[in-house]
Each structure stands twice: as C-alpha cells, then as structure tokens.
1. Put +1 on the Cβ of each Lys and Arg and -1 on the Cβ of each Asp and Glu in region 161-220; which of C177, A198, V161 then has its Cα farthest toward the positive end of the dipole?
2. May I ask you to compute the full-extension gain from S203 to R51, defined as 0.36 nm times their residue separation minus their alpha-carbon distance, rounded to one decimal in nm?
3. For region 118-189, give the magnitude of the charge dipole about the Cα centre (Cβ charges: +1 Lys/Arg, -1 Asp/Glu; no others), in debye to the nearest 20.
4. Checking the a/c ratio against 1.5 first, then a/b against b/c, what shape does the Cα gyration tensor give for region 119-216?
5. Which FRET efficiency value, to the nearest 0.05, is calculated for L127 and A186 with the Förster distance at 22 angstrom and r the Cβ-Cβ distance?
Amino acid sequence: MANERPAADAAEKSSGKPAGRRNQHRSGRSGPRSGQSGNAPARNPRRWAWREYALQLSVVILGIVVTFAGSGLIERWRQARQVRTTMLLVYEELKTNLKLRNVCCEKLRFDQNGMLMFDRYERNVDLIPEDSLDRYVTLLGTMYGVGVQSDAFEVLKSSGVIQFVGDMDLLMQVLGCYRQLGDFEARVDSYTQSKVNAMNHFSTGSIHTDFHLESRELWRMLLRDPMCNSFIGMSAYYVGYPDYLRSDIAGVGKTIAAINAKYGFE
C-alpha cells in the first residue's frame with residue numbers, strides 16, 4: 001500500500017497538470033456554461049396569441065376584399081353584357097325602321113310626282129297624256145303607313161339598362177332618333193287620313209262611284225270634287241317638296257352608324 005501512493009503521485013506529476021484542476025475541468029464539462037440557464041427561454045403566451053389573431057384577421061379581411069372586388073367585376077361585366085345585348089336589339093330595330101322609312105318615302109314620292117304632274121297641267125285632264133293618267137290612277141285610292149317598330153327601345157327604357165349605357169351623347173342621339181321616327185309616322189298617318197277623308201267625300205258626294213271607268217273620265221270626276229282637288233294641290237308639297245318628311249328622319253342613318261362605331265356590331 002505504501003508503494004501505491006508514491007506511484008500515483010508520480011503519475012500526476014508526469015502529466016503536468018495538478019490533480020485538483022483536472023478534476024474541476026471534468027466537472028465543468030457536464031454543467032452549463034457561465035451566464036446560461038439550464039432550460040430554453042419560454043414563449044410569452046399573450047404575445048404569441050395576439051400575433052396569431054392579427055394574422056388570422058388579416059387573412060379574413062383580405063378574403064373579404066377579394067370577394068367584394070370579384071363580385072364588383074362580375075356585376076360590371078354582367079351590366080356591360082346586358083347593355084350590349086339590348087343595344088344590339090336597338091341597332092337591328094333601327095335598321096328595320098330605316099328600311100320601312102325608305103319604302104314609305106318611295107311610295108310618297110310616287111304620290112308627289114303624280115300630284116306635281118297635275119299641277120304642271122293646271123289639273124286640266126284633257127291635256128295630260130293617257131299613259132300618265134293610267135300610271136297614277138291609283139294615287140288617291142292607295143293608303144300608306146309606316147309601322148315604326150319600337151319594342152327594343154321600350155326594353156331599353158323599361159328594363160333599367162338605360163342607366164348603364166354610360167355614353168350619354170349616344171343615348172340622347174338614340175332617344176332623339178326614335179322621337180323623329182314617331183313624328184315621321186304621325187305625319188304619314190296624317191297625310192293618309194287626309195287622303196281617306198278626300199276619298200270618302202268623293203264617294204258620298206258623287207252619283208257615280210264606279211272606279212272601273214276609263215282613267216281620263218275617272219280623273220275628271222275626281223278633280224271636280226273639292227276635297228280631292230284640294231288634296232291634290234296641297235299634298236304635293238306636304239309629302240316631300242323639298243323632302244319635307246325626309247328631313248324629319250335624317251338622323252336615323254347617323255344613329256345606326258354611331259351605335260355600330262361604339263359597339264362594333266358590323
């Protein structure tokens with residue numbers, strides 16, 4: 001035993017480190033370093049709960065904003081589509097009315113030419129060539145009407161689409177165009193009614209109402225009737241000299257072109 005202790009001391013000396021310091025170093029490895037705690041720092045529950053709440057609230061708000069923005073875009077798209085569909089109906093309806101106007105104006109022009117012919121001959125039937133009298137033999141007996149269509153226009157006014165059109169100048173042009181068409185139809189109806197009144201007066205006041213007479217004799221009888229004679233003299237200028245009725249509806253073609261320029265239907 002006495003020999004073992006000196007041997008241990010000799011081993012410690014040979015290592016170059018005191019035994020006490022070596023023991024202290026070993027015990028320091030297993031423990032925490034100076035200034036550090038043995039456990040990780042704990043999170044503040046209130047602080048992290050507020051952050052999570054704010055994040056969730058931001059997501060909800062963002063979702064609401066996106067939803068409203070998307071709904072607004074869809075609604076504007078729906079309105080624009082509805083306006084385009086309705087304006088297409090108005091566009092096609094105005095094209096139809098333009099054709100009806102042109103047909104009616106050609107018939108009125110026929111009447112006008114016949115009346116002017118009688119004026120040139122001072123309504124002296126004996127001086128007018130037979131073929132001319134034959135050509136206009138149906139002048140007083142033919143009644144005209146326009147039949148202006150306005151269904152699409154009524155849809156535009158009554159469906160609420162009119163408030164989404166946006167282009168007020170175009171809208172006012174369309175409104176004015178239909179007003180002109182209405183005035184044109186009223187004038188044509190007035191002209192036709194004057195012709196009906198003249199023919200009714202002739203039928204009730206004349207002993208001979210046989211319209212199968214030879215044209216010269218028939219015209220001689222018609223011009224003896226005061227209302228028929230007055231109608232021939234007045235209506236030549238009322239119908240369209242110079243283009244009296246056409247001037248009322250000159251804007252129809254311009255309105256059609258304006259609608260097409262706006263929406264590109266053709």
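Quick note: the coordinates plus some simple rules give every number you see, no bench work behind them. Predicted model, so just to flag it, every value in this text is computed and none were measured. Methodologically, a virtual Cβ is constructed for each residue, glycine included, from the backbone with ideal geometry; neighbour enumeration extends over all protein chains shown.
1. It is A198, whose Cα lies furthest towards the positive end.
2. Between S203 and R51, full extension yields an extra 44.8 nm.
3. Rounded to the nearest 20 debye, it is 240 debye.
4. prolate
5. Given R0 = 22 Å and the Cβ-Cβ separation, E is 0.05.
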